[in-house]
Amino acid sequence: MTPQLNAFGSVKKWLFEHYSNDAGKMLLHTGTAGWILSAAGQIFGIVNNDKVSKKEKKFLIPQEIVDAGINILSFYIVTNKIQNVTKALASKGKVITPAIRVFCEKHGIQFTKGADGKSPNIGKSILDKVKNYESVVKVNGDSKLNLGVDEKKIAELNTEIKELNNFYDKTYSPFESGLKVAGGIFGAVLSGNIITPLLRNPIAAAKQKSSLSREKMEHDAAMYRDGKTLPVNKNVGLDAYKSNVYPSGSMRI
Amino acid sequence: MTLNVSIAKINNPTNSAKGTGNFRGLQKDGQGNSAQTFCGAPIELKNEKIIGKINWLGDDFTSAGQRFVSGITALFTQPFFDLNNKKADDDTRTISCARTLGKIVAGTTTGVLIRWGCVEATKKFCKTEATEQVRIEKLEAKAKKSGKTITEKAKTQSEFSKREQFLLPKGYESKSFREIKKYRGAFGTFAAVLIMVVTNFAIDAPLTTYLTNKFSNMLGKDPAAIEGGKK
């Protein structure tokens with residue numbers, strides 16, 4: 001097999017291992033990847049745009065990088081945090097369905113905070129129970145390590161394992177995943193449509209103001225050097241120039 | 001290997017393994033813990049429609065759907081931020097709003113279509129017994145609803161060529177339908193993101209420019225005149 005096919009096989013395997021059981025993580029990561037590539041495309045577009053002068057590029061490229069940084073960070077951080085909160089609503093038993101409650105009660109799975117203050121983790125408890133039962137069946141099956149558990153109990157354990165796996169796959173996991181995805185959608189909308197514009201517009205406006213102010217200064221400086229008409233005597237020193245033309249204390253040359 | 005399960009309990013199960021009581025306020029769960037629930041009782045969703053919708057989000061919601069939701073909500077929020085940006089002058093606000101509208105419409109249209117297309121295409125190259133079983137069940141349900149019968153060809157689960165399983169990792173053919181469905185969504189989305197590197201320039205950028213000009217004119221501003229004035 002060629003190296004390229006090997007690499008492609010590894011990519012497929014990696015995608016399956018990481019995203020076949022977690023739709024929320026997939027949406028978060030692909031959303032972030034989309035933002036990064038989109039930003040890279042925008043910056044590349046500016047760099048290769050012949051209609052934009054070098055001077056303008058010096059302003060536009062950093063602006064686009066800051067814009068992209070705000071978009072990407074706000075999307076990832078906000079969406080990730082909200083997803084984790086909504087996922088925890090399911091795993092800690094804060095939001096459950098009758099089917100989950102009945103199953104947990106029947107199979108002895110904690111779904112409320114214990115007297116020791118320990119929060120439940122329903123999904124983990126189910127998977128741990130399955131692992132434990134599977135290890136009992138496996139160890140008991142070993143001729144040297146036989147635990148003395150009779151065949152009827154082993155059959156019951158196998159039935160229990162099947163029930164737990166079935167419940168996890170068909171009932172619990174879609175519910176937990178659904179709440180996580182709902183959180184992800186809310187986070188994406190909040191970050192993309194509210195937080196990012198709120199942060200981006202003042203920053204862009206400040207940059208525009210600074211750019212226009214700089215342009216005006218450069219224009220006036222050029223006129224001053226050429227001896228053209230200015231609102232001040234060209235023989236006036238720089239300090240007087242500053243105080244007469246730009247009385248605002250905040251102006252700096 | 002550590003066994004965290006008591007063999008005695010397996011051989012002699014007691015009622016303490018079963019949960020008792022209701023769960024409003026003080027309750028016992030399967031571990032025999034009596035605890036006041038944190039911040040009151042858990043919320044028990046009883047509406048089957050809501051539970052069904054949450055499960056649908058977990059299992060069937062794709063990146064195309066997420067892109068669509070982001071785009072639609074952006075249409076109702078972002079232009080207002082731009083139009084009400086007090087730190088910019090009137091012309092800048094209008095052009096900014098027009099550009100935002102253009103970017104949202106262009107970006108959402110291409111983003112949704114490309115993602116949906118890639119995920120659908122991935123289905124053709126990720127066939128397994130599990131996926132075929134589900135496909136046939138859907139066909140049978142559809143046929144039953146419309147009173148038709150499905151052909152023998154459609155009923156038969158065919159063997160799969162290399163091409164039909166090209167996008168599936170080797171050794172994963174026996175995975176559950178649920179896992180394969182999510183993998184298809186992930187693979188299709190990553191492929192779409194790579195394709196969009198090209199379409200950003202080829203389609204998005206010119207479409208955004210075209211739509212920006214259209215929206216600017218609708219808002220009563222000619223972008224060429226404003227740009228010319230500023231230069």
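We did not get these values from a lab; they are worked out from the coordinates using the rules stated. Computed from a prediction, not measured in an experiment: that's the story for all the values here. When we count neighbours, we look across all protein chains shown, and the Cβ atoms used for this are built from the backbone with ideal geometry, even at glycine.
Observations on the structure shown:
- Among (1) touching a residue at least 24 places away in the same chain (Cβ under 8 Å); (2) in contact with a Pro (Cβ under 8 Å, 6 or more places away or on another chain); (3) at negative phi, the one test that A:Gly93 misses: (3)
- Hits in the stretch A:2-39 (condition: at the interface with chain B (Cβ under 9 Å from one of its Cβ atoms) and more than 19 Å from the chain's Cα centre (by Cα)): A:Gly9, A:Ser10, A:Val11, A:Lys12, A:Lys13, A:Trp14, A:Phe16, A:Glu17
- Unmet criterion (only one of (1) more than 10 Å from every other protein chain (Cβ to nearest Cβ); (2) crowded, with 21+ Cβ neighbours inside 10 Å; (3) in contact (Cβ under 8 Å) with a residue 60 or more places away in the chain) for B:Lys127: (3)
- Number of residues in the stretch A:91-116 that are polar (S, T, N, Q) and under 21 Å from B:Glu48 (Cα atoms) equals 2.
- Among the residues of the stretch A:186-218, the one identified as among the aliphatic types (A, V, I, L, M), closer than 23 Å to B:Gly185 by Cα and in contact (Cβ under 8 Å) with a residue 24 or more places away in the chain is A:Ala188.
- Selected residue (only one of A:Leu198, A:Leu164 is within 9 Å of chain B (Cβ to nearest Cβ), assigned to a helix (DSSP H, G or I) and of a type outside the set (D, E, K, R)): A:Leu198
- Among residues of the stretch A:98-126, those that are in a helix (DSSP H, G or I), more than 7 Å from chain B (Cβ to nearest Cβ) and surrounded by fewer than 19 Cβ atoms within 10 Å (Cβ to Cβ), counted: 4
- Some residue of the stretch A:150-161 being in a helix (DSSP H, G or I), crowded, with 22+ Cβ neighbours inside 10 Å and among the β-branched types (Val, Ile, Thr): no
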